[in-house]
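Colleague: Supplied in structure tokens, the structure appears directly below.
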Amino acid sequence: MGSRANRGRILILPGLESANVPRRCGGGRCGRRGLAGGIFSGGASASRPGRPLEKDHHVAPGELDTYYGFWSGGQSGEVRVFGIPSMRELMRIPVFNFDSATGWGITNESKRVLGEGGAFLNGDTHHPKVSYTDARYDGRWCFINDKANTRVARIRLDIMRTDKITTIPNVQSIHALTLQRVPKTERVYAGGEMIIPLPNDGRHLENPKEYWTLMSALDAETMEVVWQVIVDGNLDNADTDYTGKYLAASCYNSERGVTLPEMMGPERDWAVVFNLPAIEQAVRDGKYTTIGDSKVPVIDGRGAAQGGTEYTLYIPVPRSPHGINTAPPDGKYFVASGKLSPTCTVVEWAKVDDWFAGKLNDPRDTVVAEPEVGLGPLHTTYDNRGNAYTSLFLDSQVVKWNIADAIRAYNGESVNYIRDRVDVHYQIGHLKASLACSRDVDGKYLAALSKFSKDRFLPVGPFHPENDQLIDISGDKMKIVHDGPTYAEPHDALMVRADQIRTKQIYDRDDPFFAETVAMAKRDGVVLERDNKVIRDGNKVRVYMTSLAPNFGITDFKVKKGQEVTIVVTNLDEIEDVSHGFCLVNHGINFEIHPQQTSSVTFVADKPGVHWYYCSWFCHALHMEMNGRMLVEA
Ligand code: CUK
Ligand code: CUA
């Protein structure tokens, strides 16, 4: 969802109180209370009779968690790593943000990754996705979108560092992000959200009818954009199937309005399905155009009025659908969550096949169920027992419903598909059950990412933390087992089994992350693992030093005012966790050097005098003494 400023508005969305939104939940017993009740009262779940509270979510000091959780950091621009079920925050991975601890945005290595987009110090991350082999997490990468500056990043999970960032052309705001599941993640799909003129060079400023957006596909290996498809409407969220053939995205604003009332006008928006083999074939056959200066092949997928094109299928769903989530473990269905409609729409992928094969006339024939679940359905996740769990923003609830029963009800049978409801605190956005985006879905835990924490924690001023709650979903009744305050603003999260991630304890000396710096040293005839040398090259000075607790290999070096200085530090320590930092006082320079890592920074020595540098990571009993001087001649 949007910024904090938007939140107040969402709570009083016109239309939600209007007659065209059913006030009763289908499917029987409805635990919904009014909006104010949803926000200001909680605890109904605590008194709800359920199975006995299991203690197996407790992780004692010294014990390890069962899952890694990858959390978006929202407006912080980072990705966070949690341990589940303890909900302990294990690490923060800087991505689009500036990070003072690690030197992200300072070191040459991070600047190479940030590229031109590094001119921005902010990002807005929403949807972390871990790569797959055969629809199972393979631990290679985590991808993340930047809504703020239209980028997609890739994080290497062996070192938990960002290694590629791509700015997507021809669109504004990447929101949807999802991955190919089978046979493995070779494509990353990124949905542009805002509609703009194409190209956006000053034309059509006042003519929103000429504004469009596109779905983009990136090569997961190179992170280059390989194609784009123009669509009707604004793209919101997306997910792929379990065969590699399809990608579905929610589309709101089917009338392409530019004001809130205009965007909320239409009764129906769409889930748009992309026929991936047809698009890839068209690109291979050269059946595409390009936009402006961009060389990326662009295919026209507009045609909602006719139900779609050979590349796209527009399935009408009630107003402003938000989340799109494929049901594991076989991926037979995907669910579009209604947001402004109290319903979820269930689409069967096999029927999408039928539509593209010309066997169906009406795109709505792909819909197999449309259960009423409660107010403000945003996202849906799953267990391994045929149940779906949908977040209800306005009701502040997670509702558990059975997919097979919802299909029966849609076919006219009188069955109650609602299984359970639990109050969450408060105004939930995303939710994600353990391994629920993969074949290994295990139905144990569910993270509920609530946007408001209100009274759940000690007050910290007007700005409250979010509340990420952990729910035990292993029994018939859901049970909240943990409240987790988180800093602004996690949107999505996912859990990966601990054994599916394999990290390095120390760096390999040939790690590509600092390969360019190693190559530079080689050109200077420096052996990084041994040498401490100052190379003078005209107005440039390259200072190569080692670090080995508690010493820097060079404790003083002299340069002239105005010279461009590059400092390269190689950490010779081989003991896990013995990291050093390099901080040059009054120069805005601090960075990490972990065991066997090489890090570097380049700056202009513009201040004559003595400038101390020190090790900024506590590494040794003599850590305070680990320092040196840069002497700058006037
Ligand atoms: S979005 Cu924020 S709650 Cu960006 Cu996935 Cu739905
Ligand atoms: Cu090296 Cu502290």
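The values are calculated or read from the model by the stated rules, or taken from the named source; none is laboratory data. This is a predicted model, so every value here is computed, not measured. Glycine also receives a Cβ, built like all others from the backbone with ideal geometry; neighbour counts cover every protein chain displayed. What goes into the accessible areas is simple: the full protein's heavy atoms, side chains included, and nothing from ligands, DNA or RNA. Shrake-Rupley method; radii C 1.70, N 1.55, O 1.52, S 1.80 Å.
Colleague: Please work out the average accessible area per residue across the chain, using the 1.4 Å probe convention, and give it in Å². Display every interim value, and only then the final one.
Modeller: Values: 24350 Å² over 634 residues.
Heavy-atom SASA per residue in the chain reads 38 Å².
Colleague: Relative contact order (percent) for region 405-497, with alpha-carbon contacts under 8 angstrom and 6 or more residues of separation?
Modeller: 27
Colleague: Now for a separate question. Would you calculate, for the chain, the mean residue ellipticity at 222 nm contributed by helices, counting each DSSP H stretch of 4 or more residues as -39,500 (n - 2.57) and dividing by all residues, to the nearest 500?
Modeller: So the calculated ellipticity at 222 nm is -2500 deg cm²/dmol.
Colleague: Then there is this: Suppose accessible area is computed on protein heavy atoms with a 1.4 Å probe; arrange THR162, THR259 from highest to lowest.
Modeller: Listed by decreasing accessible area, they come as THR259, THR162.
Colleague: Next question, about the same structure. Could you work out the relative contact order of the chain? I mean the mean sequence separation of Cα pairs under 8 Å and 6+ apart, divided by the number of residues, in percent.
Modeller: Computed value for the chain: 11 percent relative contact order.
Colleague: Using 1/(1 + (r/R0)^6) with R0 = 41 angstrom and r between the beta carbons of LEU260 and ALA634, what's the FRET efficiency to the nearest 0.05?
Modeller: Rounded to the nearest 0.05, the efficiency is 0.10.
Colleague: Now for a separate question. How much length would be gained if the chain were fully extended between ASP134 and GLU280, taking 0.36 nm per residue of separation minus their Cα-Cα distance, in nm to one decimal?
Modeller: 50.6 nm
Colleague: Using only Cα positions of region 512-633, each an equal point scatterer, no hydration layer, compute I(q)/I(0) via Debye at q = 0.22 Å⁻¹ and quote the log10 values to two decimals.
Modeller: Scattering profile of region 512-633, log10 relative to I(0): -1.33.
Colleague: Also, I was wondering about something else. Any chance you could look up the accessible area of ASP65 with a 1.4 Å probe, heavy atoms only, rounded to 10 Å²?
Modeller: Rounded to the nearest 10, that gives 30 Å².
Colleague: Can you tell me which of 541-550, 374-383, 318-327 comes out highest on packing, and rank the rest after it, using the mean Cβ neighbours within 10 Å?
Modeller: Ranked by mean Cβ neighbours within 10 Å, highest first: 374-383, 318-327, 541-550.
Colleague: While we're looking at this one, here's another question. What FRET efficiency would be calculated for the residue pair ALA350, ASP201, taking the C-beta separation as r and a Förster radius of 51 Å, to the nearest 0.05?
Modeller: Given R0 = 51 Å and the Cβ-Cβ separation, E is 0.75.
Colleague: Restricting to Cα pairs below 8 Å that are 6+ residues apart, what does the relative contact order work out to for region 512-633? Please round to a whole percent.
Modeller: On the way: 288 pairs, mean separation 31.1, N = 122.
Taking the mean separation of contacting Cα pairs over the length of region 512-633, I get 25 percent.
Colleague: Using the Kirkwood radius over Cα pairs, work out the Stokes-Einstein diffusion coefficient for the chain at 25 °C and 0.890 mPa s, in µm²/s as a whole number.
Modeller: 94
Colleague: Work out the length of the dipole vector of the chain about its Cα centre, built from +1 on the beta-carbon of each Lys and Arg and -1 on the beta-carbon of each Asp and Glu, and round it to the nearest 20 debye.
Modeller: Roughly 760 debye, rounded to the nearest 20.
Colleague: Quick one: how many lysine pairs in region 512-633 have C-alpha atoms under 21 angstrom apart, if they're 8 or more apart or on different chains?
Modeller: For region 512-633, qualifying lysine pairs total 12.
Colleague: Further question on the same structure: Less than 18 Å apart at the alpha-carbon level, and either on another chain or at least 8 residues along: which aspartates and glutamates does that give for LYS287?
Modeller: ASP300, GLU310
Colleague: Of all the accessible heavy-atom surface of the chain, with the other protein chains kept in place and a 1.4 Å probe, what percent is carbon and sulfur?
Modeller: 52
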